[in-house]
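Enquirer: Structure in structure tokens, see below.
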Amino acid sequence: MNGVRVCITSEGFIPIPENVRKELDLNPSQMVMLHTEQGRLIVEKPSRQQVIAELGRLCNELRSGESLEQIWAEIEAGREEER
């Protein structure tokens, strides 16, 4: 696939064009992994192991007494810190 030019929104979002989402089999609200590599932004679908690890972390947070609504709000806000 050739490069696609997009603009970062004032909120910091980077839109992913439909043809790119289809090529990567990405769905709305799906979690993706971002990292940088030699000055490039890399977007990847999480591996099965990464999804399982995130579910395990969420289960641990639920056991800590934090409500699911609080946890979900933190996820939606893009929280990346580990507990």
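Enquirer: Could you list Ile75, Ile42 in order of exposure, starting from the residue whose Cβ has the fewest other Cβ atoms within 10 Å?
Expert: Ile42, Ile75
Enquirer: In whole Hz and in residue order, list the ³J(HN,Hα) couplings for region 13-23 that follow from phi through the Karplus curve 6.51 cos²θ - 1.76 cosθ + 1.60, θ = phi - 60°; x for Gly and Pro.
Expert: 7, 10, x, 10, x, 4, 5, 6, 4, 5, 4
Enquirer: About the Cα centre of region 1-45, what is the dipole size in debye to 20, counting +1 per Lys and Arg Cβ and -1 per Asp and Glu Cβ, all else neutral?
Expert: Dipole about the Cα centre, nearest 20: 80 debye.
Enquirer: May I ask you to list the GluC sites (Glu not before Pro) in region 1-45 that are in a DSSP loop and have at most 16 other Cβ atoms within 10 Å of their Cβ?
Expert: Working: sites: Glu11, Glu18, Glu23, Glu37, Glu44; in loops: Glu11.
Those satisfying the criteria are Glu11.
Enquirer: For the chain, what relative contact order do you get, as a whole percent, if you take Cα pairs closer than 8 Å and at least 6 residues apart?
Expert: Reported relative contact order: 12 percent.
Enquirer: Could you derive backbone 3J(HN,Hα) for region 37-46 from the dihedral phi with the Karplus parameters 6.51, -1.76 and 1.60 (θ = phi - 60°), listing whole Hz in sequence and x where the residue is Gly or Pro?
Expert: 8, 6, x, 10, 8, 10, 10, 9, 6, x
Enquirer: In the chain, if the dipole is taken from +1 on Lys/Arg beta carbons and -1 on Asp/Glu beta carbons about the Cα centre, which of Leu34, Gly65, Val4 is farthest to the positive end?
Expert: The residue sitting farthest along the positive end of the dipole is Val4.
Enquirer: Something else now. Quickly estimate the mean residue ellipticity at 222 nm for the chain, helices only: each DSSP H run with n ≥ 4 gives -39500 (n - 2.57), and the total goes over all residues, rounded to 500. Numbers along the way, then the final one.
Expert: Details: 3 runs with 32 residues, N = 83.
Rounded to the nearest 500, it is -11500 deg cm²/dmol.
Enquirer: How high is the relative contact order of region 1-45, given as a whole-number percent (alpha carbon pairs under 8 Å, six or more residues apart)?
Expert: 22
Laboratory data are not the source of any read-out in this text; all were calculated from the coordinates shown. All values derive from a computational prediction rather than experimental measurement. Don't worry about glycine lacking a Cβ; one is built from the backbone with ideal geometry, like all the others, and counts go over all protein chains shown.
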